[in-house]
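First comes the structure, then the notes that go with it.
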Amino acid sequence: MPKKSDYLIDRRQFVGGVVGIVGAIMSAAVGLPLVGYLVSPALEKAEGQEWIPLGTASALEPGVPALFTFSQLRQVGWKRTKINYAVYAIADDTGHVTVFSDDCTHLSCKVHWEPERGAFICPCHDGVFDREGNVVAGPPPRPLDRFEAKVEDGQLMILVEA
């Protein structure tokens with residue numbers, strides 16, 4: 001018959017406890033950085049706004065919408081993507097420039113300018129916008145979205161989300 005020890009735990013319980021503690025330390029050493037890596041993109045804050053140059057303001061004819069394009073790099077999670085955008089700019093007789101998005105406010109289809117009709121046309125659901133971007137016909141719920149614009153050193157610039 002084995003002799004009862006004066007210790008609180010026996011050898012088997014001690015080894016089991018040490019293995020459990022070492023396993024917990026190793027799991028924390030590997031797991032915490034992994035969780036940080038997976039969660040960190042969701043915790044990043046938006047970068048704010050930036051001015052994007054579109055082109056020379058002298059290229060605009062008063063009363064005639066001109067199409068401008070630009071690209072932005074977007075970080076979505078771990079993926080960096082280059083996204084292309086298009087906007088319409090129209091200058092009035094005083095030189096004030098208004099810049100519209102080319103996205104229809106109904107379902108975000110791309111609108112295009114038709115000079116013979118004097119309107120922006122959305123081909124998806126027959127949305128029609130006038131020269132100022134206001135809804136003339138169709139299902140769009142509001143006018144075309146506008147960008148804040150300025151002319152600096154002869155360059156037309158718009159303010160966009162970074």
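Residues in region 116-133 that are outside any strand (DSSP E or B) and either surrounded by 14 or more Cβ atoms within 10 Å (Cβ to Cβ) or touching a residue at least 12 places away in the same chain (Cβ under 8 Å) (or both): Gly118, Pro123, Cys124, His125, Asp126, Asp130, Arg131, Glu132, Gly133. When you scan region 45-56, do you find a residue that is out of contact with any strand residue (DSSP E or B) (no Cβ under 9 Å at 6 or more places or on another chain), of a type in the set (D, E, K, R) and at pLDDT below 85, even just one? Yes: one or more hits.
Does Gly48 meet the test of being more than 19 Å from the chain's Cα centre (by Cα) and of a type outside the set (S, T, N, Q)? Judged against the criteria, Gly48 is not a match. Within region 140-162, the set of residues being part of a strand (DSSP E or B), over 21 Å from the mean Cα position of the chain (by Cα) and either at positive phi or of a type in the set (A, V, I, L, M, F, W, C) (or both) comprises Val151, Leu156.
Out of Arg80, Arg74, one residue alone is assigned by TED's automatic domain parsing to the domain that holds Val111, more than 20 Å from Glu114 (Cβ to Cβ), without any contact (Cβ under 8 Å) to a residue 12 or more places away in the chain and surrounded by 11 or more Cβ atoms within 10 Å (Cβ to Cβ). It is Arg74.
The values are calculated or read from the model by the stated rules, or taken from the named source; none is laboratory data. None of the values given here were measured: they were computed from a predicted structure. Here Cβ is always computed from backbone atoms with ideal geometry, including for glycine, and neighbour counts include all displayed protein chains.
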